[in-house]
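Here, each number is a calculation from the coordinates, and none is a lab measurement. All values reported here derive from a predicted model rather than from experimental measurement. Cβ coordinates were reconstructed from backbone atoms using ideal geometry, including for glycine residues, and neighbour counts include every protein chain displayed.
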Amino acid sequence: MRAFFHLLYHPFAFAYDLVAAAVSFGKWNDWTKEVIPFIKGTRILEIGHGPGHLQRSLLDLKLAPVAIDESAQMGILVKHKLGTKHKLTRGLAQQLPFTGDCFDSVVSTFPTEYIFNAQTLSEIGRCLSDGGRLIVMPAAWPKSGFLKWLYKITGESPADGQTSLKSRISQPFLNAGFETKIEIVELQSVKLMIIVAHKKRK
């Protein structure tokens, strides 16, 4: 599975939207937009921008988004999609190329395990302003029986109960010094988990 997602995110990046749409029955982009109400301020960093749909939504809202991704292929796709409006850079979440205290919110939708890495969270904390927010959407629970089966075989649906999963997922953010709350957003066909982590004020 890890090899499959690596291929999908790099040499086969052009097929990412098709696969995401198939897995979510066309709802993937709608799901990612559910993080928007949790965003604070106008200076926004998206980590792992993928094909750029959230960037487009943030630009449409007249915000000032910046995005980083380690995939060169995804960067090319987004530049074509957004034209001259984009503010993209290529890099790793563990070594963010930004000055301290420069973002009001950092957001990441359906990231891989790097988002729980201590170095990643340290870098995000450095770049957030006091009281700034980190918003992460790590998981979705489809309500349809077929979707549950589909997510199970792709490894995307958590096998543990919600309470246990919330506790385990919160811990890396708490360890990094964030005040952390987990929200569950219920839509017609899916439940979405959204982590809202606040950088403590000095």
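Computed extension gain for Ala64 through Glu113, at 0.36 nm per residue and net of the alpha carbon distance, reaches 15.0 nm.
With each label modelled as a point 7 angstrom along the Cα→C-beta vector, the Thr42-Ser167 pair spans 4.4 nm. At R0 = 35 Å, how high is the FRET efficiency between Lys181 and Thr89 if r is their beta carbon distance? Nearest 0.05 is fine. It comes out at approximately 0.75.
For the residue pairs Lys85/Lys199; Lys85/Lys200; Lys87/Lys166; Lys87/Lys199; Lys40/Lys202, the C-alpha atoms sit more than 22 angstrom apart in Lys85/Lys199; Lys85/Lys200; Lys87/Lys166; Lys87/Lys199.
Leaving out same-chain residues fewer than 8 places away, which aspartates and glutamates sit with a Cα under 19 Å from that of Lys81? Straight-distance partners of Lys81: Asp17, Asp30, Glu46, Asp60, Asp69, Glu70.
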